[in-house]
Amino acid sequence: MNGKKIAVLVFGVVAILAVCFGLFKIMTKDNSELDNPNIETESGEQLSGEQIVEEFVIGEREAIFTEETYPRIDGSTATIPLSEAFKAEFLGIPLEEAEVKHNTTHYAYENLISGDADLILVTQPSDEELELAKKAGIELEVIPVVNEAFVFYTNIKNPVKSLTLEQIQKIYTGEITNWSKVGGNDATIKAFQREPNSGSQTGMLKLVMKGLELMEPPKEDIIESMIAIIGLVSNYDNGENSIGYSYYYYATTMYDVIDKEVADRIHLLGVDGVEPNNKTIKDGSYPLTTNYYIVINKAEPENGPVRKLVEAMLGENGQKAAEAVGYVGM
């Protein structure tokens, strides 16, 4: 047998062994992964084999409310999936049947203060919303329900991938106006803002600026919705030099459902060298962590349905329902 035939024979044997090994790996993949107590998700979160097997399905437990006894809920756009998850879980219905309507953050606060809502799921109240409650003779009770983070994002083409908190503050006070000052291209920074009393703008003032004065933006740079600001920053033609802000859940999980193609054209910036993800938000290493909150009238009776719902939202099944739709539990 000449050398050429021997080489072909050897190659064939190796190929057969490789296929057999590949089939073995596929057939044993599930068991080997479940034996590993520290499977890491794409977000960096460590999951045990038991957590992978025991998937929490919303709405499979006994209902603790009926449609008639369930309190009236309002909230921000970014908490609609959270509200739906709670409704499905506590009414014992499939998630797809638990449709809710939220009127955005500021209107939700107005509805709670006026008595047109019993409980709202929102970001923290603005100074104006606190003043509205005070004038109405109502004290707001603000209760953290899930973890969240305030995030900044740029167009995927922008070479800047992280900023310090001080750099962000200087961009939004108008002190830094060119990307070259923070390691980027020689281009003017287009810094979008949200309208007053939106959840994002309140977060920007309280979490980021911390008493520093925001620059007065051109009227066209004040954007009325989170969906619009992401669309502008992701734009192929003129978004490369812009920067925007939002909340982590909306900019990732929620926007992936709205328009994954657009979501893939933005990049979430690291802050002080830490990228926002489920792990860094939960352990607090990302510097701009915050919460979504349950807000109720503090005068709600202790044994009433509103307090019962608050307790359920903060309980084990409430937190599992929140995590099942992508929020970062407490």
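The values are calculated or read from the model by the stated rules, or taken from the named source; none is laboratory data. Predicted model, so just to flag it, every value in this text is computed and none were measured. When we count neighbours, we look across all protein chains shown, and the Cβ atoms used for this are built from the backbone with ideal geometry, even at glycine. In case anyone asks, the SASA skips ligands and DNA or RNA and just uses the protein heavy atoms, side chains included. Shrake-Rupley method; radii C 1.70, N 1.55, O 1.52, S 1.80 Å.
Computed over protein heavy atoms with a 1.4 Å probe, the accessible surface of the range 268-330 works out to 44 Å² per residue.
Can you tell me the FRET efficiency between Met330 and Ala228 if r is taken as the Cβ-Cβ distance and R0 is 30 Å, rounded to the nearest 0.05? The computed FRET efficiency comes out at 0.45.
With a probe of 1.4 Å, find how much accessible area the range 49-198 has per residue, and write the answer as a whole number in Å².
Details: 7010 Å² over 150 residues.
Result: 47 Å² of accessible area for each residue.
Extension gain for Asp256-Glu67 works out to 65.0 nm (0.36 nm per residue, less the C-alpha to C-alpha distance).
For each pair in Lys135/Lys282; Lys135/Lys206; Lys219/Lys282; Lys181/Lys210, compute the distance between the two Cα atoms and list the pairs where it is over 25 Å. Mind showing how you got there, number by number?
Details: Lys135/Lys282 36 Å; Lys135/Lys206 22 Å; Lys219/Lys282 36 Å; Lys181/Lys210 22 Å.
Check vs 25 Å cut-off fails for Lys135/Lys282; Lys219/Lys282.
In a fully extended conformation the segment linking Glu220 and Glu175 would gain 14.2 nm over its present Cα-Cα distance, using 0.36 nm per residue. Distance from the Cα centre of the range 215-255 to that of the range 140-200, in angstrom? What the calculation gives is 10 Å, centre to centre. Give me the percent of accessible area attributable to carbon and sulfur for the range 70-203, probe 1.4 angstrom. About 47 percent, which is the carbon plus sulfur part of the accessible surface. Summarised as an ellipsoid, the range 167-305 has semi-axes of 28, 18, 17 Å, derived from the eigenvalues of the Cα gyration tensor scaled by 5 and square-rooted, with the largest first. Here each label is just a point 7 Å from Cα along the line to Cβ, and for Glu316 and Lys210 those points are 3.8 nm apart.
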